[in-house]
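Undergrad: The structure follows.
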Amino acid sequence: MSGTAGAPGRSLSVSATIAIFEPPQFDPSQTLPSLMLNGEPETSPLEDPWPTTPSFGEAHGKRTVDIAIDRDTDLYGTGEVTGPLRRNGQTIELWNTDNPSYRRVQGQRLYQSHPWVLGVRPDGSAFGILHDSTWRQSLICGRTIRFETDGPAARVIVILGEDAMDVLRQLSNLTGKMEMPPLWALGYNQCRWSYYPDARVREIANEFRSRKIPLDVIWVDIHYMDDYRVFTFDPERFPDPAATNAYLHERDVKAVWMIDPGVAKQDGYSVYNSGEARDVWIKTADGQPAQGEVWPGQTVFPDFTTKEAVHWWSEQYQDFLAVGIDGVWNDMNEPAIFDAETWTLPEDAVHRGGAAHAGLPIPEGPHLRYHNAYGMLMARATRDAVLKAKPDKRPFVLTRANVLGGHRYCATWTGDNRSCWHHLKMSIPMSVNLSLSGQPFHGPDIGGFEGEAWPELFAEWMAIGAFFPFCRGHTIEKSADHEPWSFGPETEEVCRVALRRRYALMPYLYTLFRRASETGAPVMLPAFLADPAEEELRFCDDRFLLGSDLAVEPGWADKTISLPEDWRLIPPLAEEVPGDIHPALRLRPGGLIPACAPAVSTEALTLETLTLHVNFDQDGHATGSLYWDEREGFGFENGAYTDLSFVCQRTDAGATLKVTAAGQRPLPAETKIIVIDVANAEQPVLATRLGAVL
């Protein structure tokens with residue numbers, strides 16, 4: 001390590017466990033307002049000594065930050081990354097890049113940037129380090145945590161916590177919480193590049209329904225567009241998109257359609273002409289619209305740092321969404337460009353600023369500053385547009401590119417993976433590290449995007465993918481069919497059972513999303529949180545926790561590593577057979593999770609009967625909760641929900657159950673409740689009605 005290093009400039013206290021350290025001669029106009037935070041925190045001078053402090057410096061023409069760590073500290077997070085769960089010894093570049101199969105630059109930079117590290121000490125206590133800058137940078141997890149940036153020196157935020165969950169909750173207090181999604185977004189999503197013409201979309205929906213495979217969403221990729229021009233419909237392939245969406249809706253299937261940022265530079269194309277008239281494009285250094293080749297040819301790109309571009313973007317969605325589109329998929333928004341050696345816009349392209357973030361204007365700056373934030377700014381503008389067009393619906397936006405904090409506006413997926421065992425297995429640490437970087441709603445392309453899956457691979461991927469927060473099958477253009485039935489009856493049955501297991505757990509899963517929106521708690525967690533003191537679990541990246549109560553353990557997981565013995569198997573949720581391809585589900589001691597009868601869509605789910613799986617602790621005690629609402633819309637913000645807290649106690653006669661309720665949309669008193677002790681699941685330990693235990 002070479003260069004100069006020194007103490008920070010101002011040191012500020014946000015709370016007893018959060019501090020901000022500014023570099024010497026800090027120029028806030030170069031990095032603030034922070035797009036990663038949900039607002040500027042109130043501070044006071046930091047007067048007491050702080051155990052974890054950064055050292056600022058310069059080396060090789062870059063600004064550096066080093067944070068010393070103990071040798072036995074385990075590092076996690078760092079955002080969307082390839083490689084192992086534990087990030088010690090790893091280096092990544094934080095520069096969002098279109099990276100098919102993760103093969104460019106050895107997979108060291110992908111579609112998103114999270115300049116964040118979560119450190120966990122041997123005793124389970126934890127800390128988090130946020131380098132508060134969207135400028136291009138590298139993150140090296142070596143003997144120190146080091147950030148090297150091409151931009152100006154930026155401040156560092158340090159969070160201290162009792163454990164990893166405490167740190168993540170505090171991070172969410174700074175970055176904001178995710179918005180509550182519509183329930184349908186938690187169902188199974190079927191996608192490919194692309195389903196066309198419209199008859200093929202209807203055929204896919206019909207096959208799922210006739211085969212009784214759960215499905216909530218069909219995704220429509222770029223072939224619906226007229227010559228790949230955004231906000232248009234091909235007159236031959238999709239002559240009546242409203243009728244197509246109505247057909248899906250009649251079958252309880254939602255429709256998500258793709259919108260890319262690149263606008264075809266074609267005179268006579270109304271979207272381009274209106275954007276040109278209102279001067280909404282990112283500019284080159286000499287003031288011309290920055291352009292590059294994407295799907296429709298030469299394209300220009302909206303500058304989402306400006307008010308005018310954001311307003312113009314919102315207007316484009318009014319007619320687009322009016323045809324019955326339910327959600328929006330923002331792709332290619334690094335932004336990706338085909339005819340540039342850098343795969344994106346020039347570093348000196350100009351973003352003119354002026355739009356507000358947290359009540360403060362975004363300043364003008366180069367693409368080197370705003371490239372990593374471009375996907376987030378696009379997703380934010382898209383979410384606002386969807387909400388304006390459909391104010392009674394919860395927006396659902398999926399983005400490929402993002403930066404830390406973008407979870408406020410959208411879900412994400414791990415980009416263009418490949419159909420292979422390596423990427424199946426790597427999808428667990430990739431998704432868990434996104435969780436440990438403040439992004440709750442995520443998942444991989446089930447089956448793999450590039451290449452072609454085969455029956456065993458697809459079956460194994462669906463079996464585990466059914467328990468990721470975001471659950472979507474996807475594949476590349478011109479690949480063989482990748483629907484569950486395409487691989488033969490055995491794989492089809494695996495997929496049907498896997499998704500029925502997911503839908504049976506929907507009350508638990510929906511509750512986890514509610515807690516994420518309230519507290520910032522991740523939905524998907526690392527296995528080591530089952531026993532933070534167990535060293536071997538710190539390296540374990542072949543299983544995970546769904547919430548803090550349920551462990552998901554695939555059959556191919558390392559048998560030499562195990563969760564604590566008192567994490568017990570739950571009985572079958574659907575038609576799975578113990579020991580088959582489906583992952584084992586283990587319930588923590590003292591845990592209680594609600595389940596329901598599976599259905600073919602979230603709309604068809606009913607809570608007429610609730611099954612409570614309990615794993616009594618050594619004191620015969622178990623607790624859990626259930627959140628439920630109208631599944632869609634914003635009535636829950638005014639009390640139209642039920643939130644049940646369960647306390648179950650083992651007795652000689654079986655069990656007792658006490659339930660307390662919050663919210664103004666109660667479940668019926670006649671709701672059946674069946675309590676299953678997972679240690680002895682042959683007979684319920686209690687069967688009752690909700691009204692009898694409230």
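Undergrad: If neighbour count is taken as other Cβ atoms inside 10 Å, put C596, C648 in order from fewest to most.
TA: Fewest-to-most ranking of C596, C648: C596, C648.
Undergrad: What net charge is computed for the residues neighbouring E148, neighbours being all others with C-beta under 13 Å from the C-beta of E148, Lys and Arg scored +1, Asp and Glu -1?
TA: 0
Undergrad: Could you work out Rg/(2.2 N^0.38 Å) for the range 508-693, with Rg from alpha carbons only?
TA: This ratio for the range 508-693 stands at 1.05.
Undergrad: For n ≥ 4 DSSP H runs only, could you compute -39500 (n - 2.57) per run for the chain, divide by its residues and tell me the 222 nm figure to the nearest 500?
TA: -6500 deg cm²/dmol
Undergrad: Could you tally the net charge around I464, taking each other residue with its Cβ under 14 Å from the Cβ of I464, Lys/Arg +1 and Asp/Glu -1?
TA: Once all neighbours under 14 Å are counted, the net charge is -3.
Undergrad: Around Y247, under 11 Å between beta carbons, what's the net of Lys plus Arg minus Asp minus Glu among the other residues?
TA: Cβ neighbours under 11 Å give a net charge of -2.
Undergrad: Out of these labelled values of Cα Rg over 2.2 N^0.38 Å, (i) 0.94; (ii) 1.95; (iii) 1.41, which was calculated from the coordinates shown here?
TA: Among (i) 0.94; (ii) 1.95; (iii) 1.41, the one derived from this structure is (i).
Undergrad: Taking the Cα centre of the range 508-693 as origin, work out the dipole magnitude from +1 charges on Lys and Arg Cβ and -1 charges on Asp and Glu Cβ, in debye rounded to 20.
TA: 500 debye
Undergrad: Oh, and also: Sort E630, E250, E308 so the one with the fewest other Cβ atoms within 10 Å of its own Cβ comes first.
TA: Ordered from fewest to most neighbouring Cβ atoms within 10 Å, E630, E250, E308 come out as E250, E630, E308.
Undergrad: Turning to a different aspect of this structure: Give me M165, M36, M332 sorted ascending by neighbouring Cβ count inside 10 Å, so fewest comes first.
TA: Ordered from fewest to most neighbouring Cβ atoms within 10 Å, M165, M36, M332 come out as M165, M332, M36.
Undergrad: Could you give the length gained on full extension between E162 and A640, defined as 0.36 nm per residue of separation minus the Cα-Cα distance, in nm?
TA: Residue separation times 0.36 nm, minus the Cα-Cα distance, leaves 168.6 nm.
Undergrad: Continuing with the same structure: Taking amide H positions as placed in the peptide plane 1.01 Å from N, state which residues far from R136 in sequence (5 or more) or on other chains have amide H under 5 Å from it.
TA: Those lying under 5 Å, H to H, from R136 are D150, G151.
Undergrad: Follow-up question, since we're still on this one. I259's amide H: which non-local residues (gap 5+, or another chain) put their own amide H closer than 5 Å, with H modeled 1.01 Å from N in plane and none for Pro or chain starts?
TA: Distant-sequence amide H within range of I259: W329, N330, D331.
Undergrad: Would the range 572-667 count as rounded, prolate or oblate if I go by the C-alpha gyration tensor, calling it rounded below 1.5 in a/c and otherwise prolate when a/b exceeds b/c, oblate otherwise?
TA: In terms of gyration-tensor shape, oblate.
Undergrad: How would you classify the range 41-164 from its alpha-carbon gyration tensor, with a ≥ b ≥ c the square roots of the eigenvalues: rounded for a/c under 1.5, else prolate if a/b is greater than b/c, otherwise oblate?
TA: Oblate, because a/c is 1.5 or more while a/b does not exceed b/c.
Undergrad: Please turn the phi angles of the range 286-300 into ³J(HN,Hα) values with the Karplus equation 6.51 cos²θ - 1.76 cosθ + 1.60 (θ = phi - 60°), one per residue in order, whole Hz, x for glycine and proline.
TA: Once rounded to whole Hz, the list reads 9, x, 8, x, 6, 9, x, 7, 9, 4, x, x, 5, 10, 10.
Undergrad: Distance between Cα centroids, the range 350-402 to the range 104-161: provide it in whole Å.
TA: If you average the Cα positions of each part, the centres end up 23 Å apart.
Undergrad: Also, quick follow-up: Kindly flag which residue pairs out of K425/K478; K212/K478; K388/K672 have an alpha-carbon separation exceeding 32 Å in this structure.
TA: Result: K388/K672 exceed 32 Å.
Undergrad: Would you compute the Debye intensity of the range 142-258 from its alpha-carbon atoms alone, equal scatterers and no solvent, and pass along log10 I(q)/I(0) at q = 0.16, 0.17, 0.19 Å⁻¹ to two decimals?
TA: -0.79, -0.83, -0.96
Undergrad: I would also like to ask the following. Each label point is 7 Å from the Cα along the Cα-to-Cβ direction; what then is the distance between the points at D123 and D392, in nm?
TA: With each label point 7 Å from Cα toward Cβ, the separation is 5.6 nm.
Values quoted throughout were computed directly from the atomic coordinates according to the rules given, and no laboratory measurement underlies them. Note that the structure is a prediction, hence the values are computed from the model and not measured. Ideal geometry is used to build each Cβ from the backbone, glycine not excepted, and the neighbour counts take in all protein chains shown.
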